[in-house]
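> Okay, here's the structure, questions in a sec.
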Amino acid sequence: MNEVLHFIDGSFKPSISGRTFENINPATGETINSVAEGSAADVDLAVSAARKAFAVWSKTPVAKRAAIMHRIADLIDEESEDLARLETLDTGKPLALAKTLDIPRSAYNFRFFADYVKGLGTECFQTDDVALNYAVRRPVGVAGLISPWNLPLLLLTWKVAPCLAAGNTCVIKPAELTPLTATRLAAICQQAGLPDGVLNVVHGFGPDSAGAALTDHPDVNLISLTGETTTGKTVMRAAANTLKGVSFELGGKNPNIIFADANLEDCLETTVRSSFSNQGEVCLCGARIYVESRVFQEFVDKLVERVSRLQVGDPFTPGTDVGALISKEHLERVDGFVRRAIAQGGRVLIGGRPAVTVAGGFFYEPTVIVDVDASCEIVQQEVFGPVVTLQPFESEEEVVAAANDTKYGLSATLWTTNLQRAHRMAAALEVGIIWVNTWFLRDLRTPFGGMKESGVGREGGSHSFEFYSELTNVCVKL
Ligand code: NAD
């Protein structure tokens, strides 16, 4: 593939302007290929195609929509080896992770929402013997789906699947750093029989580019964005001009809270994952670790020992635990956070610098920092890399206050065998998702989203359909 093209109205197309940008392999720093750089004109074509297709897709029987979505899932499974390879090439994540998480979950997103929509009902209220009220569900229209680079196909399909299941059409704007699997998904959808124009892909950047053109477009009804909190604020302002519906999954700075009564072995194993999976580039990573004082030193020592065993390196090599960060800029950003934490008194117990592995790649050593206080930038801001801080605490009240003391509210992990405490804390922590004695265990029927500056709205199960459909109340006088 020399140039990654847009997919508009069933055809792969270059940009109208002819402009392109480079797609870089983070594990080598080399160019993979060039990518068509979309602008307002390309977005306009894609939105027109999606609007035209909406007339047909919105009237397509649910069973037929679901059958096409199942075929898409089957094709993702059939092409899983190749899709995983593309995901690793684009992101620098270990191939084993792409094979076991990103790609299977992408197929499952389609199967899950295809099945869910078939059983979806609406409310009905009988108002004594005066009236009967029921609700009619209908698709909204054209959705703009804007995705990030960390779990490219997984998070994109988390949007596309409910959007299409509900009868909407879409224009996708994949992250500029990871255009490959979204483009392959377009080809898969066409092969599965999805009508032309139902799913369109326009590549490009955010501000002054395809992303902004999509959020500004008057004929786009919905915007679903996963990205940084600052991007959410910009997109919300743009969407306000035409009162688009918005659903945002944004940044996180998630606490991982460990009580002395926890099963420390389970907790250690999971904490290594929740800290360093996908190079720490997961919005749900538990970057702030709070450990009850009387087991603090024991926990820190054991964690550092386990971190020292992580293999950082070529993401295509079996046995690699931590691959490359997404870009040179991101590597420098992560290192900047660590340097400033050290300047503010933080003590690096392991890691704390770029890893010298594959020449030209953007690798960073898994990093554990102690001796930071609550006000430090590294405790307050999302680093989105393989860096965690550890702080001791004495009491439940103290740790709840510390955990809630950020602008974010995405998720929290809690380790305790005290049932009452688990329920009490679940009610007190200001986050959208709480895992007790586990992490990243997902049931797609549950509400997923963040409080405070971590998001707007919830997705998953019926919550996704609340966003991707309109309800009309019909009141019939009896
Ligand atoms: P980002 O905000 O830089 O970009 C996300 C997407 O938005 C990209 O496609 C980008 O091109 C687009 N974009 C940027 N500015 C835009 C604008 N002005 N108008 C329209 N589109 C615009 O985020 P990223 O760096 O790709 O991803 C990392 C961030 O995503 C982290 O903050 C992470 O926490 C967050 N994230 C959140 C979740 C969640 O479920 N809450 C999941 C994954 C990632």
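All of the numbers you see were taken from the coordinates with simple rules; none came from a lab. Quantities reported herein were computed from a predicted structural model and do not represent experimental measurements. Cβ: placed from backbone, ideal geometry, glycine included. Neighbour counts: every protein chain shown.
> Could you give each residue of the range 140-155 its phi-based ³J(HN,Hα) in whole Hz, using Karplus coefficients 6.51, -1.76, 1.60 with θ = phi - 60°, and x for Gly or Pro?
Calculated HN-Hα couplings, in order: 8, x, 9, 10, x, 10, 10, 10, x, 9, 7, 10, x, 6, 4, 6 Hz.
> Continuing with the same structure: Can you run phi through the Karplus equation (6.51, -1.76, 1.60; θ = phi - 60°) for the range 465-478 and list ³J(HN,Hα) in whole Hz, with x for Gly and Pro?
Going residue by residue, I get 6, 5, 6, 8, 9, 9, 10, 10, 7, 10, 10, 10, 6, 8 Hz, with x marking Gly and Pro.
> Oh, and also: Taking a cut-off of 16 Å between Cα atoms, list the lysines near residue 253, but don't count ones fewer than 8 places away on the same chain.
Within the straight-line limit of under 16 Å, residue 253 reaches these lysines: 407, 452.
> Further, regarding this structure: What per residue convex hull volume, in Å³, do the alpha-carbon atoms of the range 254-436 yield?
Values: hull volume 19.6 nm³, N = 183.
Dividing the Cα hull volume of the range 254-436 by its residue count gives 107 Å³.
> Read phi for every residue in the range 220-230 and hand back ³J(HN,Hα) as whole Hz from Karplus 6.51 cos²θ - 1.76 cosθ + 1.60, θ = phi - 60°, with x for Gly and Pro.
Per residue, the Karplus-derived 3J(HN,Hα) values read 9, 8, 10, 10, 10, 10, 10, x, 6, 4, 5 Hz.
> Residue 24's amide H: which non-local residues (gap 5+, or another chain) put their own amide H closer than 5 Å, with H modeled 1.01 Å from N in plane and none for Pro or chain starts?
Here the answer is 32, since their amide H atoms fall under 5 Å of that of residue 24.
> Here's something else I'd like to know. Using Cβ counts within 10 Å as a stand-in for footprinting exposure, how do 266, 74 rank, fewest first?
On the way: 266 12, 74 15.
Least crowded to most crowded, the residues run 266, 74.
> Tell me which residues come under 5 Å, amide H to amide H, from residue 311 once H is placed; ignore anything under 5 positions away on its chain.
When sequence neighbours closer than 5 places are left aside, the close amide H contacts are 321, 322.
> As I understand it, the value is the acute angle between the Cα axis of helix 103-118 and the longest principal axis of the Cα atoms of the chain; what does it come to in degrees, rounded to 10?
So the helix axis and the longest Cα principal axis differ by about 50 degrees.
> To the nearest 0.05, what FRET efficiency results for residue 359 and residue 446 with a Förster distance of 45 Å applied to their C-beta separation?
According to the calculation, E is roughly 0.55.
> Summing -39500 (n - 2.57) over the DSSP H runs of n ≥ 4 in the chain and dividing by its residue number, what mean residue ellipticity at 222 nm do you reach, to the nearest 500 deg cm²/dmol?
Values: 15 runs with 184 residues, N = 478.
The helix-only estimate for the chain comes to -12000 deg cm²/dmol at 222 nm.
> May I ask which of 159/477; 59/173; 93/173 have a Cα-Cα span longer than 28 Å here? Could the numbers behind the result be given before it?
Numbers: 159/477 39 Å; 59/173 25 Å; 93/173 21 Å.
Flagged as over cut-off: 159/477.
> Using only Cα atoms, tell me the angle between helix 180-191 and the longest principal axis of the chain; keep it within 0 to 90° and round to the nearest 10.
Value to nearest ten degrees: 30.
> Here's a follow-up. Hand me the GluC sites (Glu not before Pro) from the range 374-466 located in a DSSP loop with no more than 11 other Cβ atoms within 10 Å, in residue order please.
Values: sites: 377, 382, 394, 396, 397, 398, 430, 453, 459, 466; in loops: 382, 394, 430, 453.
Answer by residue number: 394.
> What does the highest-first list of 13-23, 361-371 look like by mean Cβ count within 10 Å? Before the final figure, lay out the partial values.
Numbers: 13-23: 15.7, 361-371: 23.0.
Result, highest mean first: 361-371, 13-23.
> Angle check, please: helix 328-343 long axis (alpha carbons) against the longest principal axis of the chain (alpha carbons), in degrees 0 to 90, nearest 10.
40 degrees
> If you don't mind, there's one more thing I want to ask. Based solely on C-alpha atoms, express the radius of gyration and the Dmax of the chain in angstrom.
For the chain, the Cα radius of gyration and maximum Cα-Cα distance read 22.9, 77 Å.
> Quick one: order 59, 93, 99, 159 by neighbouring beta-carbon count within 10 Å, fewest to most.
Working: 59 9, 93 30, 99 17, 159 27.
Ascending number of Cβ neighbours within 10 Å: 59, 99, 159, 93.
> Something else about it: Over the chain, what is the relative contact order in percent, taking alpha-carbon pairs closer than 8 angstrom and at least six residues apart? Present the calculation step by step, with values, prior to reporting the outcome.
Details: 1096 pairs, mean separation 87.2, N = 478.
Reported relative contact order: 18 percent.
> Let me ask something else. Report the local net charge at residue 282: Lys and Arg +1, Asp and Glu -1, summed over other residues whose C-beta lies under 13 Å from its C-beta.
Values: positive: 93, 105, 253, 273, 442; negative: 102, 249, 281, 382.
Net charge in that neighbourhood comes out at +1.
> With an 8 Å Cα cut-off and a minimum separation of 6 or more residues, compute the relative contact order for the range 101-214 in percent. Please list the in-between numbers first.
Working: 154 pairs, mean separation 27.4, N = 114.
Result for the range 101-214 is 24 percent.
> Could you tell me the calculated FRET efficiency between residue 77 and residue 420, based on Cβ-Cβ distance and R0 = 51 angstrom, to the nearest 0.05? Intermediate results must be reported in sequence, preceding the final value.
Working: r = 44 Å, r/R0 = 0.85.
Calculated value: 0.70.
> Would you list 330, 463 from fewest to most Cβ contacts within 10 Å? Present the calculation step by step, with values, prior to reporting the outcome.
Numbers: 330 22, 463 18.
Ranked by crowding around the Cβ, least crowded first: 463, 330.
> In whole Å, what is the distance between the alpha-carbon centres of the range 48-121 and the range 387-415?
A separation of 36 Å, based on Cα centres.
> Could you work out the relative contact order of the range 254-436? I mean the mean sequence separation of Cα pairs under 8 Å and 6+ apart, divided by the number of residues, in percent. Please list the in-between numbers first.
Working: 336 pairs, mean separation 51.5, N = 183.
In percent, rounded to a whole number, it is 28.
> List every residue whose amide H lies under 5 Å from the amide H of residue 257, counting only residues 5 or more places away in sequence or on a different chain, with H placed 1.01 Å from N in the peptide plane.
When sequence neighbours closer than 5 places are left aside, the close amide H contacts are 290, 413, 414, 415.
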